[in-house]
1. Does segment B:7-31 hold any residues that are under 22 Å from the mean Cα position of the chain (by Cα) and hydroxyl-bearing (Ser, Thr, Tyr), and which are they?
2. Take the residues of segment B:39-54 that are within 10 Å of chain A (Cβ to nearest Cβ) and among the acidic types (Asp, Glu): which is nearest to residue A:11 (Cα to Cα)?
3. Just checking, does segment A:27-36 include any residue being at pLDDT below 90 and more than 30 Å from residue B:34 (Cβ to Cβ)?
4. Considering only residues that are facing another protein chain (nearest Cβ under 7 Å) and within 15 Å of residue B:33 (Cα to Cα), look in segment A:1-22 and name the one that is surrounded by the most Cβ atoms within 10 Å (Cβ to Cβ).
5. Pull out all pairs, ordered by first then second residue, where Cβ-Cβ is under 8 Å, the residues are six or more apart or on different chains, the first lies in segment B:73-95 and is without any contact (Cβ under 8 Å) to a residue 60 or more places away in the chain and within 14 Å of residue B:138 (Cα to Cα), and the second is assigned to a loop (DSSP other than H, G, I, E, B) and of a type in the set (S, T, N, Q).
6. May I ask you to say which residue of B:70, B:54 is of a type in the set (Gly, Ala, Ser) and under 13 Å from the mean Cα position of the chain (by Cα)?
7. Just wondering, is there one or more residues in segment B:13-34 that are under 15 Å from residue A:17 (Cβ atoms), polar (S, T, N, Q) and buried (at least 21 other Cβ atoms within 10 Å of the Cβ)?
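The values are calculated or read from the model by the stated rules, or taken from the named source; none is laboratory data. Quantities reported herein were computed from a predicted structural model and do not represent experimental measurements. Quick reminder, even Gly has a Cβ in these numbers, built from the backbone with ideal geometry, and neighbours come from all protein chains shown.
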Amino acid sequence: MDLESQLKSALARKQPPPGFASRVVAAVNRGPRTEERGRFRWRAIAAAAMLTVILGGWTAHEIAERREGERARNEVLLALRIAGAKVRYAQTQVHDIGSKR
Amino acid sequence: MTAIVTEAAVETALDRARQGDADAFAAIVSEHEAMVFSLAYHFFNDSARAEEIGQDVFLQLYRNLGSIEGPAHLTHWLRQVTSRKCIDQLRRSKLRAVPLEVVGEIESPARPADPLLDRKVRQLIAELPDVQRMILTLRYQEDLDPSEICRVVEMPVNTVKSHLHRALQSLRRRLGEQ
């Protein structure tokens, strides 16, 4: 027998184990295979974790900015209070000197 | 489950399967299961793995029934997806095809004239590089010529001819050595 015939014989089609088609149809009815469902679940978990990190980061940034704004506002108010006290003191001094004359 | 015998019957079964008829889909599976299973079996020499690949291929077919244009396209699609899945899975898992010695062999419908030689040839085919093995299987299991194989494996026809030539040369040399 020549090589071509030997190859045709060796590579002839074979029947799958009995019940193959039924198992395929059952798998189709079941939906995606467990591992595919598992892959989808892991992707969903990863997406949720990423969203949490992004939202958390954004919230932390907002809080830090608000605190920084409040601190700056308090510093400005304190500076104004000090400046006001000094102006008042200077006015008193000027007033006293004027009344002594 | 009804057997499909003509192209027109496949066309009808495709139409019905697209509309969700499970029996029609089962008939399509029955019609093509030997082709899909055998491509994977000759590639892996592993019945369980071939069945797993076959199931994946038909599940993918079910999800893509809408894109199948007709019986000829269906056969081409199944050959293409099966060969791609086989090569991808082997490369991903870095598994080698299982040697014939450790595999329970599946009987062919027609008994080979010389079972010992048949086994030897299959052993030598199993030792060929992955792509050569798939191309050889498409050539001799499916009786495709290089211009048809190149469309299945999406390679230039000269590359397919070169793989085929090298595979046959290797088999001739090794069979001559025995």
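1. Of everything in segment B:7-31, just one residue is under 22 Å from the mean Cα position of the chain (by Cα) and hydroxyl-bearing (Ser, Thr, Tyr), namely B:30.
2. Quick first cut of segment B:39-54, residues within 10 Å of chain A (Cβ to nearest Cβ) only: B:39-42, B:47-48, B:50-52, B:54.
Filter again for among the acidic types (Asp, Glu), leaving B:51-52.
Working: B:51: 17, B:52: 20 Å.
Filtering first and then ranking leaves B:51.
3. Taking segment A:27-36 first, the residues at pLDDT below 90 are A:27-36.
Restricting the remaining residues to those that are more than 30 Å from residue B:34 (Cβ to Cβ) gives none.
Within segment A:27-36, not a single residue is at pLDDT below 90 and more than 30 Å from residue B:34 (Cβ to Cβ).
4. Within segment A:1-22, the first condition is being facing another protein chain (nearest Cβ under 7 Å), and the residues that meet it are A:1, A:3, A:6-17, A:20-21.
After this cut, where a residue has to be within 15 Å of residue B:33 (Cα to Cα) as well, the list is A:12-17, A:20-21.
Values: A:12: 17, A:13: 18, A:14: 18, A:15: 14, A:16: 23, A:17: 12, A:20: 21, A:21: 21.
The residue in question is A:16.
5. B:77/B:64
6. Details: B:70 fails: under 13 Å from the mean Cα position of the chain (by Cα).
Being of a type in the set (Gly, Ala, Ser) and under 13 Å from the mean Cα position of the chain (by Cα) holds for just one of B:70, B:54, which is B:54.
7. Kept after step one, since they are under 15 Å from residue A:17 (Cβ atoms), are these residues of segment B:13-34: B:29-30, B:33-34.
Still in the running and polar (S, T, N, Q): B:30.
Imposing the further condition that a residue be buried (at least 21 other Cβ atoms within 10 Å of the Cβ) reduces the set to none.
No, every residue in segment B:13-34 fails to be under 15 Å from residue A:17 (Cβ atoms), polar (S, T, N, Q) and buried (at least 21 other Cβ atoms within 10 Å of the Cβ).
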